Amino acid sequence: MDIVLWHKILNPYAMAVDELLLKLRNTKRSYQKRGEYCPIEHVTGRVKSITSILDKMQKKGIPFDKMEEEVEDIAGIRIICQFVEDIEKISEMLMRRNDLEIVQVKDYIRNHKESGYRSYHLVANYTVNTLDGPKQIYVEIQIRTMAMDFWATTEHSMQYKYKGRIPQKVANRLQTTAEAITVMDKEMSAVREEIMDAQMSSQLRYNLVEDIVTTIENLYQVTSRRQIEKIQEEFYRIYSEGDMDELIHYHDQLDLIAQSYKAQSFNGAGGMHTDED
Ligand code: 0O2
């Protein structure tokens with residue numbers, strides 16, 4: 001029998017998980033910076049444990065030389081979203097990526113597992129650049145709502161506790177809770193627009209404040225301390241009043257001031273801040 005160097009085999013999978021986590025988290029950040037709704041709530045990832053790989057190979061009768069071909073979830077990414085509607089958006093977003101080639105779709109939402117498990121799985125080809133050159137591997141991407149994830153995580157620990165043989169009474173309860181989770185997801189979808197509106201307005205406020213603070217810091221380099229104090233006081237006053245329209249107006253006014261300073265500095269008339277100011 002060939003010697004299996006587990007850590008050498010698993011290393012590219014760990015690289016793939018690290019890279020995809022970074023890329024998908026950056027995607028979420030880009031949405032937020034643009035002030036757009038992001039269907040991704042959060043992303044996690046893991047390399048399947050050696051015990052879990054061995055268990056799966058045993059269960060499915062997979063020989064060692066077929067492990068990388070047939071165990072498709074050695075590298076696993078999990079994307080959690082708020083609403084069932086987000087799942088399709090995320091799936092389309094992944095299909096558009098040129099670093100992923102989707103080779104299989106397992107829709108356990110339309111066809112949930114007997115256990116009650118609901119989730120949307122994509123198996124993709126992904127290439128990592130190792131020291132020995134490029135290597136194409138499988139990555140399994142699971143997309144599910146927060147409610148589905150709560151259920152799956154709880155049920156997974158039960159599977160672990162009962163070593164895959166969950167007592168019928170407990171299994172029945174889990175099926176009932178899986179139904180309740182589906183009802184909950186439907187209810188959340190019904191108020192989706194309102195929840196999204198609230199979240200977008202809080203994101204807009206966050207972006208405005210970030211922008212304002214950056215502009216004030218830039219102005220600090222080119223204008224007098226007294227003027228910056230006045231600008232800041234005005235900002236805190238408007239912020240404390242909590243009127244969004246006023247905050248937007250203030251942001252735009254401040255932008256105009258910054259632009260006029262920029263124009264002045266292009267014309268060679270920009271003044272520098274000094275501590276004596
Ligand atoms: P771990 O600990 O993350 O490694 P099959 O069962 O044959 O239909 P297959 O080939 O196992 O399907 O692949 P599938 O369906 O994509 O499942 C792989 C992963 O999906 C599992 O990995 C779980 O993370 C999740 N999953 C699938 N079915 C269930 C379920 O009934 N309950 C829960 N909680 N999760 C499930 P591992 O190997 O279980 O886990």
**Asked** Can you tell me the accessible area per residue over the stretch 137-200, all protein chains present, probe 1.4 angstrom, in square angstrom?
**Response** 65 Å²
**Asked** Once a ≥ b ≥ c are taken as the square roots of the eigenvalues of the Cα gyration tensor of the stretch 119-201, is the result rounded (a/c under 1.5), prolate (a/b larger than b/c) or oblate (a/b not larger than b/c)?
**Response** oblate
**Prompt:** Is the shape of the stretch 1-146 rounded, prolate or oblate, going by the alpha carbon gyration tensor and its root eigenvalues a ≥ b ≥ c, with a/c under 1.5 for rounded and a/b larger than b/c for prolate?
**Reply:** oblate
**Message:** Over the stretch 1-135, what is the relative contact order in percent, taking alpha-carbon pairs closer than 8 angstrom and at least six residues apart?
**Reply:** 23 percent
**Prompt:** Going down the table (Lys59/Lys89; Lys56/Lys113; Lys113/Lys169; Lys66/Lys106), which pairs top 25 Å between alpha carbons?
**Reply:** Lys59/Lys89
**Prompt:** Of Tyr117, Gln199, Pro167, whose Cα points farthest to the positive end of the dipole of the chain (charges on the beta-carbon: +1 Lys, Arg; -1 Asp, Glu; origin at the Cα centre)?
**Reply:** Pro167
**Message:** So if a site counts as exposed when it's one of the GluC sites (Glu not before Pro), its DSSP state isn't H, G, I, E or B, and it has at most 14 other Cβ atoms within 10 Å, what's the longest stretch of the chain without one?
**Reply:** 115-275
**Computed FRET value (nearest 0.05) for Lys60 with Leu22, which takes r as the C-beta separation and R₀ as 51 Å** = 0.95
**Request:** May I ask you to give the percent of accessible area on the chain that is carbon plus sulfur, with a probe radius of 1.4 Å?
**Result:** 51 percent
**Message:** How long are the semi-axes of the equivalent ellipsoid of the chain, taking √(5λ) for every eigenvalue λ of the Cα gyration tensor, in whole Å from largest down?
**Reply:** 49, 26, 15
**Item:** Label-point separation in nm, Arg29 to Gln227, each point 7 Å along Cα→Cβ
**Value:** 3.3 nm
**Message:** Can you pull out the trypsin sites (Lys or Arg not before Pro) in the stretch 146-250 whose DSSP state is coil and whose Cβ has at most 15 other Cβ atoms within 10 Å?
**Reply:** Lys163, Arg165
**Complete:** Relative to the chain, whose Cα atoms define the longest principal axis, helix 6-34 and its Cα axis are tilted in degrees, nearest 10, by 40 degrees
**Message:** Compute the angle between helix 146-161 and the longest alpha-carbon principal axis of the chain, please, reported from 0 to 90 degrees and rounded to the nearest 10.
**Reply:** 40 degrees
**Asked** Per residue of the chain, what 222 nm ellipticity follows from adding -39500 (n - 2.57) for every DSSP H run with n ≥ 4, rounded to the nearest 500?
**Response** -20000 deg cm²/dmol
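The values are calculated or read from the model by the stated rules, or taken from the named source; none is laboratory data. Keep in mind that what you see is a predicted model, and the values were worked out from it rather than measured. Methodologically, a virtual Cβ is constructed for each residue, glycine included, from the backbone with ideal geometry; neighbour enumeration extends over all protein chains shown. Ligands, DNA and RNA are stripped out before the accessible areas are found, and what is left, the full protein with its side chains, is counted by its heavy atoms. Shrake-Rupley method; radii C 1.70, N 1.55, O 1.52, S 1.80 Å.
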